[in-house]
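Worksheet: the structure to be examined is printed underneath.
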Amino acid sequence: MEITSIKVFPVDEERLKAFATIVFDSCFVVRDLKIIKGNKGLFVAMPSKRCKDGTFKDMAHPLNSETRNLIEELVIKEYNEELKRNGTTPKAGSADDSPEDSSLDVISP
């Protein structure tokens, strides 16, 4: 499985920093991931919906921590790149320590 596309849509809210869309193998899309500023820095929340009892359930999510970490790393990297393209610098705690090449055409876990 490969992540073949990541698109980030920044917003200017206190905790919610952006929405993201990812595509797997150029044939399966997951929309409405959220990039959130938490107490320990940025993290990616999976798309969810509110249940009748008021709780939230993920609509799609990784089944293991390796895949979750990969998605989070790549989405946050693309978020930082999007901020740079728009002339905004990433905030402290969201450092991009990956290589300068931001090409996300084919990425394998």
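The values are calculated or read from the model by the stated rules, or taken from the named source; none is laboratory data. Please read all numbers here as calculations on a predicted model, not as lab measurements. Counting neighbours? That spans all protein chains shown, and the Cβs are built from the backbone with ideal geometry, glycine included.
Condition check for ILE35 on (1) part of a strand (DSSP E or B); (2) more than 21 Å from PRO10 (Cα to Cα): one failure, at (2).
For THR88, are the conditions met, namely being modelled with pLDDT of 95 or more and surrounded by 11 or more Cβ atoms within 10 Å (Cβ to Cβ)? No: the conditions fail for THR88. Could you list all residues from segment 1-27 that are hydroxyl-bearing (Ser, Thr, Tyr) and under 15 Å from the mean Cα position of the chain (by Cα)? Selection gives THR4, SER5, THR21. Only a single item in (1) at pLDDT below 95; (2) among the β-branched types (Val, Ile, Thr); (3) surrounded by 14 or more Cβ atoms within 10 Å (Cβ to Cβ) is not met by ILE71, and it is number (1). Only one of the numbered conditions (1) touching a residue at least 40 places away in the same chain (Cβ under 8 Å); (2) of a type outside the set (D, E, K, R); (3) in contact with a strand residue (DSSP E or B) (Cβ under 8 Å, 6 or more places away or on another chain) is violated by PRO47, and that is (1).
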